[in-house]
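*Asks:* Starting off with a structure, shown below.
Each value in this text was obtained by applying a stated rule to the coordinates, not by laboratory testing. Keep in mind the model is a prediction, meaning the values are calculated, not measured. Counting neighbours? That spans all protein chains shown, and the Cβs are built from the backbone with ideal geometry, glycine included.
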Amino acid sequence: MADPGGTSGEDGAMSQYDPQVHLVNKFLTGMPVREVHMRDVKASYDRWIQNEWNGDERAALANCMRTLSEASGSEWEALTTRQRQVLVWLFTLLHPPKQDMKSQADDLWAKIGPGRMRSLATQLLSFQDARKSNEPAPSTSPTADLPESSDVRVASGDGGRTARPHRGPYDPDTRLEKAGLLFLTRSSTLVVAVGLFAYLVDRVPNASPPWYGIGNGLSRLAYEQHSLPLFRYSVAALRRSLVEDPENRLARELLDTMRGWDALSDSEFAEVHAFEGSPLTLLPRLGFTAAALVDATMALPRDDRMRIILWLRPQGIEDFVPVLIAAVQDPDEHIRMTAIEYLGYWGDRSDVRECFERLVNSGEHRELQPYAGMALYSIEEDWARRLHQRMMHG
C-alpha cells in the first residue's frame with residue numbers, strides 16, 4: 001500500500017481508487033476480504049484525525065456516529081453498542097471530510113440498503129474477530145440476511161434431546177463453552193475449566209454439555225487430590241447432565257468408569273443425586289478466582305491466549321474483566337488491541353480506570369489506536385473525557 005492515506009480531491013473526499021475505499025466496497029458487495037494491512041489502516045486513520053479534525057478524535061467519532069444515526073434512522077436505534085462501533089469504524093475508513101460528512105453518511109447508508117445494517121455489522125464483527133485470531137475470515141457478504149437463531153440440537157454424545165437456540169460460533173454461550181473445553185485439556189487448569197462451565201450453567205442450566213464439563217473436570221481433580229467430596233460433586237454433575245440429555249454418551253461412560261473406582265459402595269454411589277442449584281457455589285472451595293483465570297490465560301501459547309480473550313470478552317461477567325486488563329500488557333499487539341476494545345464497557349471499575357491512566361501516562365496508548373480512543377469514548381465518565389483529551393493533545 002504505497003499511499004495508505006489515500007488520494008483526495010479538492011473537497012477532501014477520497015478517490016474511488018484508494019485502497020481503503022476499495023476495502024469498504026468489498027465489505028458492501030460481499031467480495032472476499034483476504035488481507036488487510038492494519039498498520040497501514042491505523043496510520044491512515046491517524047493522519048485523517050490530525051489533518052481533518054486537528055487531532056480531536058473524540059469529535060471525529062462523535063460526528064461519524066451522529067451522521068450515521070441520522071442517515072439510518074430507526075435501524076440505528078435497534079443496533080447494539082458494538083454493532084454501532086463497528087459501523088463507525090467502517091465509516092472512518094472512508095475518511096469523510098468534516099464539511100461533507102452528511103452526504104458521505106447518506107451515500108454509505110444508500111449503499112448498505114434498508115434493513116441491512118444489522119447483518120453488515122454482524123459480518124464486520126465476524127471479520128474482525130477472525131482476523132485477530134488469525135483464522136480465515138468468513139464471507140463478508142451483507143446481502144444475505146443472517147437468521148438471529150435457529151433450532152438445533154445441543155451437541156452431546158450421540159445426539160441431544162434438549163434443543164435450545166443456537167447462534168453460531170460467535171454466540172457468547174458457544175464461546176464460553178469453547179473456553180471451558182480449552183482449559184479442560186490441560187491438567188493444570190482444571191479448576192479454571194470447571195469455573196467457566198459453572199458460569200455457563202448458571203446462564204443455561206438446562207444444557208447438558210456444560211454439566212458434563214463440570215463433572216469431567218471434577219472427576220479428574222478428585223482423582224488427583226484423592227478427594228471424596230469432589231468425587232461426589234462430580235457424580236452429581238454427571239447425573240445432572242444425563243437429566244438434561246439421557247443420550248449423553250460421554251456422561252454415561254464416565255459415570256460407569258467412576259463406579260469402578262471403588263470410592264463409594266454401590267449403594268452410596270446410587271444415593272448421589274443429580275446436582276441441584278448453581279455450581280458457582282463450588283468455586284470458592286475449588287480456589288477459582290479472577291486471578292487464577294488471569295494466570296491460566298497468560299500461561300497459554302499465543303494463539304490460545306487470543307482465543308480465550310475473544311471468547312471471554314463478550315460475556316459481560318465481572319470476574320473476566322481482569323483477564324482483559326492483563327491482556328492489554330500482552331506481548332502480542334493483536335491481543336492488546338482485542339482486549340482494550342471491550343474495556344470501554346467496564347468504565348465504572350477502578351481497575352479499568354487505572355489501566356487507561358497507565359496507558360496514557362506511559363504513552364503506550366499510541367500503539368493501541370484507534371481502539372484505545374474508541375474504548376475511552378464509550379465510557380460516560382468525567383475521568384474518561386479528561387483522559388481522552390490528554391490522549392489526543394498530550
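*Asks:* Tell me, what is the percent relative contact order of segment 279-351, built from C-alpha pairs under 8 Å that lie six or more residues apart?
*Replies:* The normalised contact order for segment 279-351 reaches 27 percent.
*Asks:* I would also like to ask the following. Pop the C-beta distance of residue 252 and residue 291 into the FRET formula with R0 = 35 Å and round what comes out to the nearest 0.05.
*Replies:* Efficiency computed from Cβ-Cβ geometry: 0.45.
*Asks:* In addition: Please list 284-297, 59-72 highest first by mean number of surrounding beta-carbon atoms within 10 Å per residue.
*Replies:* Listed from highest to lowest mean packing, they are 59-72, 284-297.
*Asks:* So if each residue of separation counts as 0.36 nm, and I subtract the Cα-Cα distance between residue 228 and residue 278, what length gain in nm does that give?
*Replies:* 16.0 nm
*Asks:* Here's another thing I want to ask about it. Compute the FRET efficiency between residue 389 and residue 266 as 1/(1 + (r/R0)^6), taking r as their Cβ-Cβ distance and R0 = 51 Å, and round to the nearest 0.05.
*Replies:* 0.10
*Asks:* Using 7 Å Cα-to-Cβ label points, what is the residue 25/residue 178 separation (nm, one decimal)?
*Replies:* Label-label distance for residue 25 and residue 178, simple model: 3.3 nm.
*Asks:* Shifting gears a bit: Which distance in Å, rounded to a whole number, links the C-alpha centroids of segment 327-345 and segment 60-110?
*Replies:* After rounding, the separation between the Cα centres reads 25 Å.
*Asks:* How charged is the neighbourhood of residue 264? Take every other residue with its Cβ under 11 Å from the Cβ of residue 264, and add Lys/Arg as +1 and Asp/Glu as -1.
*Replies:* For residues surrounding residue 264, the net value is -2.
*Asks:* Note down the relative contact order for segment 151-286 as a percent, whole number, built from C-alpha pairs under 8 angstrom at least six residues apart.
*Replies:* Computed over segment 151-286, the figure is 25 percent.
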